[in-house]
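Have a look at the structure below before the remarks.
The values are calculated or read from the model by the stated rules, or taken from the named source; none is laboratory data. What you see is a predicted model, and the numbers here were worked out from it, not measured in a lab. All Cβ positions, even for glycine, are placed from backbone atoms using ideal geometry, and neighbour counts span all protein chains on display.
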Amino acid sequence: MSTAGASPAPAGFAAAGSAAPASATTAPANLSEDQTAALQEIANIGMGQAGDSIARIWKQFVALSVPRIALVESGRIPTLIHHFVGDARVSAARQAFHGAMRGEVLVVIGRGNRDQLGELMGYDGQLDLGEEQEMLLDIANVLGGACIGGIARQLGADVGFSAPSLIGTDLDSHAVVRPEELCVSTALCVEVCFTIESNQLSAHLIALMPREELVNLAQLLDRFLCNL
Amino acid sequence: MDENTDLKLLGFIVERLEVGILAIDPQFRVVLWNRFMETHSGRDLDSMRGQCLFESFPELPERWLRRKIESVFELGNYSFTSWEQRPYLFRFQHNRPITGGVDAMRQNCTFLPLRDASGVVRLVVLTLSDYTDTALIQQKLTAAMAVSDEERRKQRALLRRLQDAKAQLFQSEKLASIGQLAAGVAHEINNPVGFVTSNLGSLERYLIDLTTLIESYASHADQLPPAAAEAVRRQREKLDYDFIREDLGALIRESREGLDHIRRIILDLKDFTRVDQSGWQLADLEKAFDSTLNVVWNELKYKATIVKDYRHPPQVECIPGQINQVLMNLLVNAGHALGEKGEITLRTGPDPSEVTGAVAEVWVEVEDDGCGISVEHQKRIFDPFFTTKPVGQGTGLGLSVSYNIIRRHGGRIDVRSTVGVGTCFRLTLPVQRSEVADAVSESPDLAAEVTPEELLALEGPDGA
């Protein structure tokens, strides 16, 4: 029940491993071209499976974009999120994953029809603030679990998740991540957008892994490539 | 340790851990129920085993919880609830039977999928951690933060008021020193004007004497030899003596009028600034209008027609210098509103004959038929620094200073205005100074807005 459609990459967002010299991106020293291609393929499949599972549990048609992968200087992350999401007011949550792969997932959700979405997730009537926040956390958890879980499964990696936490509701998209909060200089960024068309709801999932953690990922990718 | 011991140990941990642990199968039947759950729910494992969770606990939010657990079975991923959004899943008594603070135990829950060897999720294990203490601390923190936010907000408001008051104080001091300067100049001019006036009187008398003398010579002209008489006649004609004699009177009269005018302006300036008498006194607002009008006349004379509609209300107790300052502001503003040409009406009231009993309040109005003030600007005209004049031409303080002066007199200042039709400002003052007016006028000038305690609070113990 899921479809994948290509969407153009925003300015300054080059595919990891590509030779495009952009100020915001640097060539991923820790991922070879083969590894990057493999990661792209794994992400495509993983996100597709995630879309299927999500469609199954929400019983809704879910469209998703082709995952975009790049190594990003952390100072560019807020701008990048704005590129992905646009000018709209958003809600956002984060969730950490750990184990063979370590990083954080940001889930940024546009306004959409919240009450209808709430109904979908088993809430009764109009949502109060607590329920809206809980729903946001649940969406972040489901998307994060499905996507990172999907990638990890293909890589045969064991990944755990901590409880998601709220960044905020009704935020400016620039304010989802503040540069001064970031503790890494460069991160691998995997972005995918889910759209539930009946709710006009779109959710951006942005998985970020510190560059230092890519050694593990590179090993996992090599193992994956050897087993092909 | 053999496997058996391991299992025993694990069983013991699951049983005794201070965390609620239960497991449910895809039909929502309970398969595990540890001691924490037993203790807090009052139901033991034997009575729970095989029971549908929702039948045993009908108060659970079934539709939502079913979806949540189904998604864990479906996706095989962890799921969570947090006390911040959902205070509890199971309504258990909290751990503070004595000290209290919350209605029920606050819980963080984790739903974890338990897969079999083939990777299919067979059970969902639900763990419940008691977060009551955290919640209580959080509650206190939130309350403390709200208090400190409120304090900060108050401090910011106070600071703003202090800045406004400072600016107004500066403006009123500036006006006062301009007034003093003007009064000083007026005083200096007064002396020469005095002796010029006096000399002019003497000069007039001398001229009368001189012309009398000349007339007397003229009456005896026929006794002169014919040649001399002819020379005098020709000289008289050449100098146009008859015109000089007529014009002399007019010149003297006009000079005296000019000097009178100078004297009146000096008097008005002194009256306006009142450097000699600065306290509360009875004053006639119509006189105040007239003397202020004379002071600003230069600004108005080419474009404004002044209409006076005076009803002779009683005198009011006020600080005349300050009231004059307000009237001057209103007159100058009215002049600016007129543009090229227009009419300014000065009104006073009420007419004492139309009021039964003693008059308690007196009002004065300055009305112009100028450009008017838009409704949204009307809300802001008394704000400090609000001005519609180009940069450098208005401080935006005139009306806010006026507002404070009138407020300290226990009076009101009201405006009604229609864009394109005109504006009318009305000052209403109590005839007798009120106690409120007394109290505010005691405190140092315009900083009266901020109390000394507030000032101390602003400055802080280190005086920062």
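Only residues that are more than 10 Å from chain A (Cβ to nearest Cβ) and either assigned to a helix (DSSP H, G or I) or hydroxyl-bearing (Ser, Thr, Tyr) (or both): list them for the range B:90-110, please.
B:THR99
So which residues in the range B:137-159 are loosely packed, with under 14 Cβ neighbours inside 10 Å and touching a helix residue (DSSP H, G or I) at 6+ places or on another chain (Cβ under 8 Å), if there are any at all?
B:LEU159
Out of all the residues in the range B:368-379, is one or more touching a helix residue (DSSP H, G or I) at 6+ places or on another chain (Cβ under 9 Å), of a type in the set (D, E, K, R) and surrounded by 15 or more Cβ atoms within 10 Å (Cβ to Cβ)?
Within the range B:368-379 (the criterion being touching a helix residue (DSSP H, G or I) at 6+ places or on another chain (Cβ under 9 Å), of a type in the set (D, E, K, R) and surrounded by 15 or more Cβ atoms within 10 Å (Cβ to Cβ)), the answer is yes, since at least one residue qualifies.
Please pick out the residue among A:LEU137, A:LEU129, A:LEU155 that is within 9 Å of another protein chain (Cβ to nearest Cβ) and modelled with pLDDT of 90 or more.
Of A:LEU137, A:LEU129, A:LEU155, the one residue that is within 9 Å of another protein chain (Cβ to nearest Cβ) and modelled with pLDDT of 90 or more is A:LEU137.
From (1) away from chain A (no Cβ under 14 Å); (2) surrounded by 15 or more Cβ atoms within 10 Å (Cβ to Cβ); (3) touching a residue at least 40 places away in the same chain (Cβ under 8 Å), pick out the condition that doesn't hold for B:GLN51.
(3)
Being buried (at least 16 other Cβ atoms within 10 Å of the Cβ) and either at pLDDT below 95 or closer than 22 Å to A:PRO164 by Cβ (or both) narrows it down to one residue among B:ILE69, B:ILE13, B:ILE98; which is it?
Going through B:ILE69, B:ILE13, B:ILE98 in turn, just one is buried (at least 16 other Cβ atoms within 10 Å of the Cβ) and either at pLDDT below 95 or closer than 22 Å to A:PRO164 by Cβ (or both): B:ILE69.
Yes/no matrix, rows are residues, columns are (1) within 14 Å of chain B (Cβ to nearest Cβ); (2) surrounded by fewer than 20 Cβ atoms within 10 Å (Cβ to Cβ); (3) in contact with a strand residue (DSSP E or B) (Cβ under 6 Å, 6 or more places away or on another chain):
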position	(1), (2), (3)
A:GLU33	no, yes, no
A:ALA38	no, no, no
A:GLU41	no, yes, no
A:GLY46	yes, no, no
A:ILE54	yes, no, yes
A:PHE97	yes, no, yes
A:ARG111	no, yes, no
A:TYR123	yes, no, no
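In the range A:161-206, which residue that is among the hydrophobic types (A, V, I, L, M, F, W, C) and assigned to a loop (DSSP other than H, G, I, E, B) is nearest to A:GLY150 (Cα to Cα)?
A:ALA163
Of A:ALA9, A:ALA70, which residue is touching a Phe, Trp or Tyr at 6+ places or on another chain (Cβ under 6 Å) and either farther than 28 Å from B:GLU74 by Cβ or at pLDDT 85 or above (or both)?
The match here is A:ALA70.
Select from the range B:120-136 the residues that are free of Cβ contacts under 8 Å to residues at least 40 places away in the same chain and surrounded by fewer than 17 Cβ atoms within 10 Å (Cβ to Cβ) and write down the one among them that is farthest from B:ARG49 (Cα to Cα).
It comes out as B:ASP133.
Restrict the check to the range B:122-136 and report whether at least one residue is modelled with pLDDT of 95 or more, in contact with a helix residue (DSSP H, G or I) (Cβ under 6 Å, 6 or more places away or on another chain) and assigned to a strand (DSSP E or B).
yes
Taking only pairs six or more apart or across chains, which ones have beta-carbon atoms under 7 Å, a first residue in the range B:73-85 that is facing chain A (nearest Cβ under 7 Å) and on the phi > 0 side of the Ramachandran plot, and a second residue that is acidic (Asp, Glu) and part of a loop (DSSP other than H, G, I, E, B)?
none
This table checks each residue for (1) closer than 28 Å to B:VAL295 by Cβ; (2) among the hydrophobic types (A, V, I, L, M, F, W, C); (3) touching a Phe, Trp or Tyr at 6+ places or on another chain (Cβ under 8 Å); (4) not assigned by TED's automatic domain parsing to the domain that holds B:VAL295.
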{"residue": "B:SER202", "(1), (2), (3), (4)": "no, no, no, no"}
{"residue": "B:LEU210", "(1), (2), (3), (4)": "no, yes, no, no"}
{"residue": "B:ALA221", "(1), (2), (3), (4)": "no, yes, no, no"}
{"residue": "B:PRO225", "(1), (2), (3), (4)": "no, no, no, no"}
{"residue": "B:ILE244", "(1), (2), (3), (4)": "no, yes, no, no"}
{"residue": "B:LEU248", "(1), (2), (3), (4)": "no, yes, no, no"}
{"residue": "B:ASP260", "(1), (2), (3), (4)": "yes, no, no, no"}
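So if I check each of A:GLY149, A:GLY144, which one is surrounded by 20 or more Cβ atoms within 10 Å (Cβ to Cβ), touching a residue at least 60 places away in the same chain (Cβ under 8 Å), at the interface with chain B (Cβ under 10 Å from one of its Cβ atoms) and out of contact with any Phe, Trp or Tyr (no Cβ under 7 Å at 6 or more places or on another chain)?
Answer to the check: A:GLY149.
Within the range B:4-89, which strands (runs of 3 or more DSSP E) (wholly inside it) include 1 or more residues that are more than 25 Å from A:GLY149 (Cβ to Cβ)?
Answer list for the range B:4-89: B:20-24, B:30-33.
How many residues does the range B:126-155 hold that are among the hydroxyl-bearing types (Ser, Thr, Tyr), over 28 Å from B:TRP33 (Cβ atoms) and more than 28 Å from the chain's Cα centre (by Cα)?
1
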